[in-house]
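Okay, so here's the structure we're looking at.
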Amino acid sequence: MAGTVATASGRCSISKCVLWYEIITKNWARARAASPVRGCARFGMRQATAGMNGGDERRGWFAHRGRGVVQPQARIFLLHRCGGVCHGNDMDHTLGLSLPMSAACPPRDPRFATTLAHGLALLEAFDATHAGLTNKELAERSGLSKATVSRLSLTLQAHGLLECGPGERRHRLASAALTLGYPLLAGLGIRREARWGMKQLADELGGSVSLGLRERARMIYVETSRSSNPMAFCPDVGAALPMLQTAMGRAWLAAAPEALRREVLALLRRHLPAAWAQWCGSVGPAIEHLQRHGFCVSHADWQSDVYAVAVPLNAPADAEPLVINCGVPIRSLRPGELQSRVAPRLMALARRIEAHWRAATQPAMPVALPLEVAHGAVSGTVSHAHTLSRGLDLLQCFRPGEVQLGHAELTRRLRLPGPIVVRLTHTLGALGYLRRGAAGSGYRLGAATVALGYPLLAHLRARQLARPGMMALSERVGGAVSLGFRHRSSMVYVESAWRGDARLVPPDIGTPLPMLSSAMGRAWLAHASAAQRCAVLNQLRVQDPASHARYAPDIEQARQDLARKAYCSTRGDVRKDVYAFAVPFSRPVDGLQLVMNCGVLAARFSFAQAERQVAQPLCELVRQVEAALGLRAAQ
């Protein structure tokens with residue numbers, strides 16, 4: 001386990017594990033004894049970690065060196081450098097929903113940016129059962145020291161990925177966790193073509209229909225439609241599924257090329273041994289079942305109350321392979337109905353989606369606002385984690401409508417030297433946040449960016465409580481009803497309900513909408529305090545002076561409308577064929593100021609008719625949800 005370290009006097013071969021352990025525990029005499037070169041311990045503290053890990057890691061390691069103990073972060077790093085394995089969230093590893101960091105970092109890989117990986121590990125520590133985590137809990141779930149967690153969390157907050165209110169001790173995922181994966185979703189134009197058929201099939205079968213793609217050793221939902229039939233598992237965009245025990249994962253494995261399937265199975269066998277031991281026998285039958293019948297099944301192997309069937313889609317040559325599945329509660333199915341009724345309908349839908357996919361020449365998703373990138377945010381602070389910040393800047397370089405970016409373009413946008421960008425892309429690719437384009441040209445966002453936002457969505461109580469009423473209102477008025485909150489200087493959708501006209505497909509979850517021209521944005525501004533409103537308007541004046549000059553006068557009218565009518569409206573400002581109405585919640589929900597809106601096609605109503613038929617029912621729905629949340633007395 002000998003390593004080579006460069007010094008001013010030449011290169012020396014030392015036992016890195018022993019040397020770094022002694023440096024961390026401040027046992028300088030033994031550290032010097034471990035190295036044949038005088039002063040090598042001092043060099044190891046000041047430069048070895050900088051050379052191997054971008055200069056950030058050393059501060060986290062040595063912040064508590066006087067205590068004479070090895071902090072968990074150092075222990076993780078030593079395990080990686082020495083070929084060991086360290087698990088963060090052991091339960092997720094057991095279920096097959098995530099991989100340990102050692103799966104991404106080959107031993108002694110100098111290209112792996114450990115600080116960046118540790119920062120992303122903090123974001124992945126949140127899940128559907130943990131909405132808020134303290135520094136101590138983050139340290140326990142990630143395996144890092146509390147000092148390192150504190151430093152990395154400040155950088156994540158600066159990038160809008162974490163938030164911690166005044167006087168609060170718990171961190172929560174923030175709005176940027178949703179928007180980070182939006183460019184990937186926007187680039188999957190087939191989702192828009194598939195959404196209407198998926199919704200019809202979900203209503204017909206009383207279950208859920210979803211599209212997913214692979215992220216290393218798990219599947220990630222990128223589109224989902226569900227009926228009102230209650231199930232224990234409510235699929236959502238960004239939800240992760242294990243490969244071996246789900247119909248979707250089995251369908252992907254069965255359809256994958258032999259070499260790629262062996263690679264993924266080896267990853268599962270090595271890093272998820274518990275899941276592999278229990279479910280490895282399902283792979284062979286799944287391959288045979290797909291070849292004979294064209295689909296794969298799961299008989300309550302993952303969710304105990306759900307039977308599922310999945311069909312792999314034949315993707316164009318340069319597209320990421322997708323799988324479509326359908327899950328139906330067991331109580332809704334008669335014996336044999338999964339194969340005789342559900343599977344044929346899903347296969348027919350898959351063939352229609354494939355036809356649209358092959359015919360599509362442009363991404364079908366509408367391009368929304370470009371996402372904001374603040375390069376080098378708070379970079380002057382002592383506790384700023386530069387490598388983590390640069391990695392996040394790289395992910396935020398991707399804009400809606402951009403399928404992939406080359407190394408030269410990333411270097412230009414980041415204004416960083418090429419070798420640093422190479423190291424960042426290597427680390428993000430190993431962790432599933434980037435993937436190589438066709439024939440190895442350029443980089444695309446990976447499905448892990450979409451999975452980051454799922455815990456935030458899962459913990460928004462208002463989404464679950466509002467969804468039935470939103471669906472009912474959508475069906476009643478023939479419009480699209482959505483829920484959103486502010487993300488910096490735009491609004492972000494976190495829930496949408498839509499029934500009826502296929503021309504009125506609502507924007508995606510995570511879509512950033514303009515603050516000034518949308519009814520949702522105007523309602524937020526009209527309800528905000530004077531200080532909040534002034535701060536956001538000043539930000540918009542700097543970022544988009546043309547839109548500010550055009551729409552800022554409408555904000556005062558929106559304030560008057562909210563005071564007099566309890567709602568705000570727009571007449572074709574975002575989409576010329578849509579009238580939109582929006583109502584803000586009276587108080588924040590879980591720290592977020594939510595706004596609900598409803599858009600209807602202008603061809604169906606005059607504006608006065610739309611006001612009567614849409615605005616008042618929308619206000620009533622918001623009041624009902626507020627009562628269910630305990631924000632007002634039930635009426």
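The values are calculated or read from the model by the stated rules, or taken from the named source; none is laboratory data. Note that the structure is predicted; figures quoted are calculated from it, not measured. So basically every Cβ, Gly included, is an ideal-geometry build from the backbone, and we count neighbours across all protein chains shown. With ligands, DNA and RNA removed, areas are computed over all heavy atoms of the protein, side chains included. Shrake-Rupley method; radii C 1.70, N 1.55, O 1.52, S 1.80 Å.
Structural remarks
- Solvent accessible area, Å² - residue 127, 1.4 Å probe, full protein context: 30 Å²
- Dividing the convex hull volume of the alpha-carbon atoms in the range 460-629 by its residue count gives 104 Å³ per residue.
- A DSSP coil position with no more than 15 other Cβ atoms inside 10 Å describes the following trypsin sites (Lys or Arg not before Pro) in the range 393-423: 415.
- Extension gain, residue 415 to residue 546: 0.36 nm times the residue separation minus the Cα-Cα distance gives 44.4 nm.
- Inter-label distance, residue 339 to residue 517: 5.4 nm, where each label sits 7 Å from its Cα along the C-beta direction.
- Taking label positions 7 Å along the Cα-Cβ direction at both residue 616 and residue 560, the computed distance is 2.3 nm, reported to one decimal.
- Basic side chains Lys and Arg get +1 at the Cβ, acidic Asp and Glu get -1 at the Cβ, and with that the dipole of the range 381-502 about its Cα centre reaches some 220 debye.
- For the range 460-629, carbon and sulfur atoms together expose 51% of the accessible surface, with a 1.4 angstrom probe and every protein chain in place.
- The range 255-332 shape via C-alpha gyration tensor axes, a/c threshold 1.5: oblate
- Proximal charge balance of residue 262 [Cβ under 13 Å; K/R count +1, D/E count -1]: +1
- For the range 191-358, the normalised intensity computed at q = 0.08, 0.11, 0.20 Å⁻¹ comes to -0.21, -0.40, -1.39 (log10 of I(q)/I(0), Debye sum over alpha carbons, equal scatterers, no solvent).
- Loop-resident sites, the range 178-249, for GluC sites (Glu not before Pro), counting at most 11 other Cβ within 10 Å (DSSP): none
- Multiplying the residue separation of residue 631 and residue 535 by 0.36 nm and subtracting their alpha-carbon distance yields 31.9 nm.
- A simple count of charges around residue 597, restricted to other residues whose Cβ falls under 12 Å of its Cβ and scoring Lys, Arg +1 and Asp, Glu -1, yields 0.
- Accessible-area rank, largest first, for 571, 352, 345: 571, 352, 345, with all protein chains present and a 1.4 angstrom probe.
- Taking 0.36 nm per residue of separation and subtracting the Cα-Cα distance, full extension of the segment from residue 150 to residue 609 would add 159.8 nm.
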